[in-house]
Amino acid sequence: MMHSEDPLSAKPQHVEYGTLKDYAVGFGLSIFLTLAAYFLVLKQVFSGALLDVSVALLGLVQAATQLVFFLHMMKEPRPRWNIVLFLFMLMVLMIIVFGSLWIMNNLNYNLMEPM
């Protein structure tokens, strides 16, 4: 009778995620993106919706930078489950945010005094 190895007792493989250079590049990009958004608002380079969109895009790029450089989202041999869990978390977050905005808008509409 053959004994198979217990998968829980197997030694974990050593996976190196990032180097000091990767962290420094990620930190530099994060600082740059934060300061870029700050100065766009401070100097009023754009106005109105264009300013809102540019700051939101800089925020999305910052989030992607931190996911890649600090959370090592795409650096695994098989990142499928991490991506699936991340997308599920994003979906739940969107449901909570947009659902809350919808409810608050509905309450504002229904509870406002007639003019």
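Taken together, the values in this text are just the output of simple stated rules run on the coordinates, not laboratory data. For clarity, every value in this text was computed on a predicted model and none was experimentally measured. Note: ideal-geometry Cβ built from the backbone for every residue, glycine included; neighbour counts use all protein chains shown.
In nm, give the distance between the simple-model label positions of Val68 and Leu90, each being 7 Å from the Cα along the Cα-to-Cβ direction.
Roughly 1.4 nm, to one decimal.
To the nearest 0.05, what FRET efficiency results for Phe27 and Leu57 with a Förster distance of 22 Å applied to their C-beta separation?
0.60
Two-decimal Rg/Rh of region 18-97 from alpha-carbon positions, Kirkwood Rh? Before the final figure, lay out the partial values.
Values: Rg = 15.3 Å, Rh = 14.4 Å.
Using only Cα positions, Rg/Rh for region 18-97 is 1.06.
Using helices alone, what [θ] at 222 nm do you get for the chain, with -39,500 (n - 2.57) per DSSP H run of 4 or more residues, divided over all residues and rounded to the nearest 500?
-23500 deg cm²/dmol
Work out from phi, with θ = phi - 60° and the Karplus expression 6.51 cos²θ - 1.76 cosθ + 1.60, the ³J(HN,Hα) of each residue of region 39-46, listed in order in whole Hz, and give x for Gly and Pro.
Going residue by residue, I get 6, 4, 6, 5, 8, 6, 4, 10 Hz, with x marking Gly and Pro.
Given a Förster distance of 30 angstrom, what is the FRET efficiency for Tyr38 paired with Asn105, based on the Cβ-Cβ distance and rounded to 0.05? Before the final figure, lay out each step's value.
Numbers: r = 30 Å, r/R0 = 0.99.
Here the calculated transfer efficiency is 0.50.
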